[in-house]
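What follows is a set of notes on a single structure, which appears directly below.
All of the numbers you see were taken from the coordinates with simple rules; none came from a lab. Model, not experiment: these values are computed from the prediction. For neighbour counting, all protein chains shown are included, and Cβ atoms are generated from backbone atoms with ideal geometry for every residue, glycine included.
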Amino acid sequence: MGVKRWLDAWPVYRQLTGTDPLGRGKAAQSARSAALTPRTDTADRVADSVCPFCAVGCAQRVYVKDEKVVQIEGNPDSPISRGRLCPKGSASKQLVTGPQREHKVRYRPPYATEWQDLDLDTAVDMVVDRVLDARRKGWQDTDESGRKLRRTMGIASLGGATLDNEENYLIKKLFTALGALQVENQARI
């Protein structure tokens, strides 16, 4: 390879002698990087979403190929985040594709010393049974004067900071329908 050809292949030389003095375009591009295409180009569809990490509600675009998430980016149409994501939001693809993601539920029965794996359907059925049991045991139909209460003192809800307004609204509706009075969010505590 001749010296001139070697210099032309060197990004610093291209940056200093070309039309890209900041090295953000062609000067920084190698033959390999020029051949790469973004994961977003091959996506079958794009779903709009909201980052789950805090209450700001930054909009996200979720790129899906073959029903698998291939990329998550900020949505530039959002008036809240204007396409920007913080480091946690930028890494949110790992929530659905990371190897650390659990696909089962770990459960330790009362008085047991070992954890056991449960499938999701079994775990959901156990939660439903316990919610209904707590509701039934704590139910108060009337007070001591005979006034209607129709409430349970056996269930409460404490929401977290990652819940957006819509999720909090639905949680409030659910727990109110169950008869719970104690519905709170950590943002108010």
Going through the stretch 101-189, which chymotrypsin sites (Phe, Trp or Tyr not before Pro) have at most 16 other Cβ atoms within 10 Å and a DSSP loop state? Tyr111, Trp115
Given 12 as the ceiling on other Cβ atoms within 10 Å, longest exposed-site-free region of the chain for trypsin sites (Lys or Arg not before Pro) in DSSP loops: 25-81
³J(HN,Hα), Karplus 6.51/-1.76/1.60, whole Hz, each residue of the stretch 125-138, x for Gly, Pro: 4, 5, 5, 4, 4, 6, 5, 5, 5, 5, 4, 5, 5, x
From DSSP H assignment alone, runs of 4+ in the chain each adding -39500 (n - 2.57), the sum over residues rounded to the nearest 500 puts [θ] at 222 nm at -9000 deg cm²/dmol
The answer for Val50, listing residues at least 5 apart or on another chain whose modeled amide H is closer than 5 Å to its amide H, is Gln60
Exposed GluC sites (Glu not before Pro) absent: longest stretch of the chain, with sites in DSSP loops and at most 16 other Cβ within 10 Å deemed exposed: 1-66
Listed here are the pairs Lys148/Lys172; Lys104/Lys137; Lys68/Lys172; Lys65/Lys93; Lys65/Lys173; Lys68/Lys88; which of them are more than 23 Å apart at the Cα? Lys104/Lys137; Lys68/Lys172; Lys65/Lys173
C-alpha center-to-center spacing [the stretch 74-90, the stretch 142-179] in angstrom: 33 Å
Which value, to two decimals, describes the C-alpha radius of gyration of the stretch 35-129 once divided by 2.2 N^0.38 Å? 1.44
Around Gln71, which amide H atoms from residues at least 5 apart in sequence, or from another chain, sit under 5 Å from its own amide H, with H modelled in the peptide plane? Tyr63
For the chain, what's the relative contact order in percent, using C-alpha pairs closer than 8 Å and at least 6 residues apart? 12 percent
Rounded to 0.05, the calculated FRET efficiency for the beta carbons of Ser49 and Asp125 at R₀ = 25 Å is 0.30
